[in-house]
Amino acid sequence: MSTPLILLALAIIAIACYVAGTRRALAIAGGLSSNLHSRQGYYGSFVAICATVPAAIVLAVWLIASPFYINSTVMSGFPEEVKTQSEAQQGLSFGMVGGLARGMDVLTLEEIDAVSANPAELRSLLGTKGVALAGDPEPWMVVSAGDLNAMQKISSRIMTAVVLIIALAGAGLSYVRIAPRFRARNRVEKVILSALVLASSIAIVTTIGIVMSMLTEATHFFGRVSPWEFFFGTVWDPRFAAAGATASEGQFGLIPLLAGTLYIGFVAMLVAVPVGLFSAIYMSEYASPRVRSIAKPLLEVLAGIPTIVYGFFALTSVGPFLRDISAQLSGLTTGEYANFIQAQSVLTAGFVMGIMLIPYVSSLSDDIITAVPRALRDGSLGLGATKSETIKKVVMPAALPGVVGALLMTASRAIGETMIVVLAAGVAARMQLNPFEPMTTVTVKIVSQLTGDLEFTSPQTLVAFALGITLFAITLCLNIYALFIVRKYREQYE
Amino acid sequence: MNMMSEAAVEKALDKKMTDMSYKMIGNDVSVYYGEKRALFDVNLNVRENTVTALIGPSGCGKSTFLRTLNRMNDTIEGCRVTGKITLDNDDIYDKEIDVVELRARVGMVFQKPNPFPKSIYENIAYGPRIHGLARNKADMDQIVEASLQRAGLWTEVKDRLHEGGTGLSGGQQQRLCIARAVAVSPEVILMDEPCSALDPIATAKVEELIHELRANYTIVIVTHSMQQAARVSQRTAMFHLGQLVEENDTDKMFTNPDDQRTQDYIMGRFG
Amino acid sequence: MTDVVSSPAGVLAKPARRDIGIKRRYAAERRFRAYGIAALSFGLLFLALLLWSVVSKGYTAFQQTMITVPVEFSEQVIDKDNERATDPQKLMTANYPIIARNAVAKALGVAESNTADLRAVNQMISNSVRSQLRDMVVANPQIIGTTQTVSLLAAGDIDSAWKGQINLDVSEDNRKVSDKQVGWMNQLAEAGALAKHFNGGIFFNGASSRPEAAGVGVALIGSFYMMLIVLVLSLPIGVAASIYLEEFAPKNRLTDLIEVNINNLAAVPSIVYGLLGLAVFVNFMGLPRSASLVGGLVLTLMTLPTIIIATRAALKAVPPSIRAAALGLGASKMQTIFHHVLPLAMPGILTGTIIGLAHALGETAPLLLIGMVAFVANYPTTPMDPSTALPVQIYMWANEAERAFVERTSGAIIILLLFLIVMNVGAILLRRRFERRW
């Protein structure tokens, strides 16, 4: 049976168990559900859970584990000369075997007999059936593929049998346990609780997944390029080499990317912080409820617009506008109409990113500012301070730690932003200070290293993970520090 | 302060009281919160260098009236005031009158101590600084010390002026807030149940302070406690359901009130 | 008692007022307020500019210039040796563009011998007529030999020129449409053959290198699959996790860690999720690249923290008195939560989920890494097939140089924004409808 069929069978068993369990519980109670410890549905659920959960767990483990076992058995059956080859070569061969095995499934027995003598024809035959092979198969591969298919078939049969037996056994054992004083509800609730725990552990698993996956790939990268060169190198020139060629390794200096990231983020904050902060102050302290009820959602629309739209806006509107205006300016001052602002530049990307960040700054600091107790405001106003004096000298100093936390969170968003910089910042990894010139960022390079054909062995691909873990580490520190500050700040006024 | 001098002070003050100089005059004052009317045509005058206590059951409008006196009601959305309130004959709701200047002359102490999250020194210095009352650091130091002296807090905090104001005890915090109000040299100080968040000992200290402040300031205090009103005030006004029931000398009020409702309230029949 | 006594202050000279710098302080007050208004206006101005820029560039994408002419399905061209019964490939590979070109040339009165003019005519029709006419013939071979009136897509440059997006005042050499073609364009328009029609293709077509035939059909399907996966996975998992953390979890180091973790995950750059997806789902688990399944899984992980945070807030907003009431009646904790707390929190949870989904719908960066930047012309039938997504399609079109693609990109952005508006308005209505104040 195939996996979906087994799942379907399990579902049917579950429904049957639920119905049977419910009926039996009611029957034992003499038709009066008040004689039971739990409502009769819990007994049905209990039987259904006992039948399906262990079976499903076995199924999952089998599905994950068996390919490893089968693959290693098949690979150990490879000819000696293949086994002495490099790991990558063996991987390629195994891929061929796998393809062959899939292909042989769609062939009839006669066809297999006909071509096993002549493997070269096999490839073209499989081609017509829609299975593409990377190269001409060798005779031993056909044998291995046969082994593979046979083992997979046996494994699938055993799995079906085991899963179904466990399901039926679970159903039977739990069915007989039904009794009026049996605490079915407590059992069922325990299972639900474990499901809840499992769900909440996904958050942890995701973090572990992020760290582990990136660390693994980054370690492979650092096996090729020394961490010193990566973290302190000032030249970024990865030199895409043809697959397999090892002649040019390229240079992977992080510094120019980091410089670009921080520079663009800085420009963005320069736009977002004053605008966002003053908007928040105006809306929370001055605006009438009517104005606030219109302006606040409108400003939040800015946060709902996908970053790709900002990127497009930067690419087609802001960039060309800045370029043309700079040409006009230089024309007016020097008489020579040469643009000194590039269409793709630190300024363009930073400015548009700043606009994107305005609602983050304003809504985060709005929360913080409104958390300042009214009593403090009254105290200051009661002494005869003007509104702005109260804000500048009492409210903002009191809100400062919270606002700093909010700004750190915003900064982490600026550093991790991708689409705007991909479209508007440029791709040249340069170290310079002119905001009118293009620079590039860590995120841009992650994207450009990973689009197109990938080879998980070349440093050109792996460097993206090293960049990724650097980015993750930076934003993690910023976020955790910011969360810490904001939490402390909130506790102060609760 | 010994008995003799206290009696002398009382006498001097009583003499002053007979001059009947009204610091603030409220004429037909009504307050609306949106559609709801909270105060009905209140006529109440506040005498200079006198402690006037506003009493009455919860929600009777005494705090609302207090807040009209320095226009703190302006900070509440949807609040509207009609009628006329004067401070030294100037209509404080006149367009010409500046609310900042008004509040500099009519200071306020709130129900809950609300020191700014700054040092003790900065808490006191804040008012004089925004109003530009000190010409230099020495001036400011002097204002701070004098204000803390007046609030009877100086000896307790003089060694930790630069520590946070929020680290003080509740009673100390409230006296700090009073010192903060005094530092601006207001003419009138409004106190909105200043002792409701304090323990009896701290309350006694604050009451003593109010007593002393009377010599230099006109004080209006809202209180829930009849005993407190009797202890600290010379005049008492009784509010009920948004109306001024009676205003009288404190002594008379608590012994022989004119209005039956005052009698009932003082006897504890409602409220 | 309230006798009016005239204050002696009226008689006495007023005491000198202290100078507390009112004028200067009010100037500062006004300045400060002006900064606030300026900042707010700045933000709103750019919102308006952004939307205006997208809409003004993009609304024309929903119209497409078509040339409607009688097309003769000449047997001579399609199948001159009459082999279509024996060779099915014949109808597939016939030279259909010639038929279309001849039809337009005839309508314009261009001689068949004038090869230069014929080439210019050919440039006016989209290359996609090949598949358009081929599909007509394959579906109904009877039309061979007849003449049918067919609406043909105009080429991208003609489309742009007709919509007035190409400046025809610059010299002929510097633009992609010649004076002669402009003349023809006007001639066809006068005859009623060339006109703008509603462009359904932008909604239904797949990827194409020709802007006039390109559409977001595949991207819409891909995005739909991904949203479905995100919804089906993240809503139950997110709600389950929140219930545990909010209602059951003991307050200890571990739950504190999970708490910090979730808040941090919500702030991790989205591109990091792309790296995770690439390393785990594609490289380790061997799921196909470019599949909407992988995209959906990645977006699920990305959306989960948002949903968990929203759900926890919604659960927290249900007052403890409700829990106490149910527990007091002898309900178990689990029953209390599932029977009372969860239904009351549901509007808040759904609002948070919709907002999370809207965010996921507009997310681009992680999808680039898992290979959804693909040229996919055919509809994906399952989530395992190669596909692309709406924002990724926008990204790919934004990188195209042709003028007509700028219009298409803006058009696609308008479609994306419409979806987002619908979702967000839905969330707002939901909140308004079911909002409960305790």
Practice item. Compute the long axis of helix A:40-76 from its Cα atoms, compare it with the longest principal axis of the Cα atoms of chain A, and write down the angle in degrees, 0 to 90, nearest 10. Key: 90 degrees
Point to revise | Separation of the B:PHE40 and A:LYS83 label points, Cα + 7 Å toward Cβ, nm | key: 10.4 nm
Revision key, fill the gap. Connecting every pair of Cα atoms under 10 Å apart in chain B and solving the GNM, the largest mean-square fluctuation among B:ALA53, B:ALA38, B:ALA138 falls on B:ALA138
Study note, to complete from the structure: Dividing the helical contributions, -39500 (n - 2.57) per DSSP H run of n ≥ 4, by the residues of the protein assembly as shown yields a 222 nm value, nearest 500 deg cm²/dmol, of -20000 deg cm²/dmol
Check your understanding: Roughly how big is chain A's charge dipole about its Cα centre, with Cβ charges of +1 (Lys, Arg) and -1 (Asp, Glu), in debye to the nearest 20?
Key -> 2780 debye
Check your understanding: Hey, how many Å between the Cα centroid of region A:178-234 and the Cα centroid of region B:62-120?
Key -> 58 Å
Point to revise | Residue order, fewest to most beta carbons within 10 Å, for A:TYR43, C:TYR395, B:TYR93 | key: B:TYR93, C:TYR395, A:TYR43
Practice item. Of the DSSP beta bridges with both residues in the protein assembly as shown, give the percent that are antiparallel, rounding to the nearest 5. Key: 70 percent
**Study point:** Cβ-defined net charge surrounding A:LYS445, 13 Å radius [Lys, Arg +1; Asp, Glu -1]
**Key:** 0
Practice item. Quote the charge dipole size of the protein assembly as shown about the Cα centre in Debye, to the nearest 20; the model charges only the Cβ of Lys and Arg (+1) and of Asp and Glu (-1). Key: 3000 debye
Review point. Most fluctuating residue of B:GLU96, B:GLU122, B:GLU247 in a GNM of chain B with Cα springs under 10 Å: which is it?
Key: B:GLU96
Revision key, fill the gap. Taking the dipole of chain B about the Cα centre (Lys, Arg +1; Asp, Glu -1; charges at Cβ), the one of B:ALA197, B:SER169, B:ALA134 that reaches farthest to the positive side is B:SER169
Check your understanding: When Lys and Arg each count +1 and Asp and Glu each count -1, what net charge do the other residues less than 10 Å away from A:PRO397, Cβ to Cβ, add up to?
Key -> +2
Check your understanding: Measuring from centroid to centroid over Cα atoms, what is the spacing of region A:283-355 and region C:193-229 in Å?
Key -> 29 Å
Study note, to complete from the structure: Mean other chain Cβ within 10 Å across C:21-30 is 4
Review point. Where nothing but the Cβ of Lys and Arg (+1) and of Asp and Glu (-1) is charged, how large is the charge dipole of region C:175-226 around its Cα centre, in debye to the nearest 20?
Key: 140 debye
Practice item. Starting from the Cα gyration tensor of chain C, take the square roots of the eigenvalues, sort them a ≥ b ≥ c, and report rounded, prolate or oblate (rounded when a/c is under 1.5, otherwise prolate if a/b is larger than b/c, else oblate). Key: oblate
Exercise for review: Please work out the C-alpha center-to-center distance from region C:362-438 to region B:173-245 and express it in whole Å.
Suggested key: 64 Å
Point to revise | Positive-end residue of A:VAL273, A:VAL211, A:SER34, charge dipole of chain A with Cβ unit charges | key: A:SER34
**Study point:** R0 of 45 Å, Cβ-Cβ distance C:GLN148-A:ILE15: FRET efficiency to nearest 0.05
**Key:** 0.20
Revision key, fill the gap. Length gained, C:ALA313-C:SER131, 0.36 nm per residue minus C-alpha separation, equals 60.1 nm
Practice item. State which entries of C:LYS106/C:LYS180; C:LYS80/C:LYS196; A:LYS488/B:LYS118; B:LYS112/B:LYS137; A:LYS392/B:LYS137 exceed 23 angstrom in Cα-Cα distance in the structure shown. Key: C:LYS80/C:LYS196; B:LYS112/B:LYS137
Revision key, fill the gap. Candidate span helices, chain C: DSSP H, at least 20 Å along axis from Cα coords, Kyte-Doolittle average at least -0.5, result C:22-58, C:217-243, C:292-317, C:342-361, C:403-434
Review point. Do the alpha carbons of any pairs in A:LYS387/C:LYS316; B:LYS23/B:LYS95; B:LYS62/B:LYS252 sit beyond 26 Å of each other, and which pairs?
Key: A:LYS387/C:LYS316
Check your understanding: Classify chain A: rounded, prolate or oblate, from the alpha-carbon gyration tensor (a ≥ b ≥ c, eigenvalue square roots; a/c under 1.5 rounded; otherwise prolate if a/b is larger than b/c)?
Key -> oblate
Practice item. Return the FRET efficiency for the residue pair A:LYS488, B:ASP139: r is the Cβ-Cβ distance, R0 is 22 Å, and the value is rounded to the nearest 0.05. Key: 0.05
Revision key, fill the gap. FRET efficiency for A:ASP237 and A:PHE266 from the Cβ-Cβ distance with R0 = 30 Å, rounded to 0.05, comes out at 0.75
Check your understanding: Once the dipole of region C:255-406 is set up with Lys and Arg at +1 and Asp and Glu at -1 on Cβ about the Cα centre, which of C:LEU368, C:GLY352, C:MET396 lies farthest towards its positive end?
Key -> C:GLY352
Exercise for review: Can you put B:CYS79, A:CYS17 in order of Cβ neighbours within 10 angstrom, beginning with the fewest?
Suggested key: B:CYS79, A:CYS17
**Study point:** Residue-averaged beta-carbon neighbours from other chains (10 angstrom radius) around B:107-117
**Key:** 5
Practice item. Quantify how strongly other chains surround peptide A:279-287 by giving the mean number of their Cβ atoms within 10 Å of each of its Cβ atoms. Key: 5
Point to revise | Estimated inter-spin distance, C:ASN114 and A:ILE165, nm [label 7 Å along Cα→Cβ] | key: 8.6 nm
Review point. Using a Gaussian network for chain B with springs between C-alpha atoms less than 10 Å apart, which of these wobbles most: B:VAL184, B:VAL100, B:VAL51?
Key: B:VAL100
Review point. Normalised by the residues of region C:23-148, what does the relative contact order come to in percent, with Cα pairs under 8 Å and at least six apart?
Key: 29 percent
Review point. What net charge do the residues around C:LEU118 carry, taking every other residue with its C-beta under 15 Å from that of C:LEU118, with Lys and Arg at +1 and Asp and Glu at -1?
Key: +2
Study note, to complete from the structure: Least to most buried among A:ASP378, B:ASP249, by other C-beta atoms within 10 Å and fewest first, runs B:ASP249, A:ASP378
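Just so you know, all these numbers are worked out from the coordinates, no wet-lab data involved. Just so it is clear, the model here is predicted, and its values are computed rather than measured. Here the Cβ is made from the backbone with ideal geometry for all residues, glycine too, and neighbour counts use every protein chain on show.
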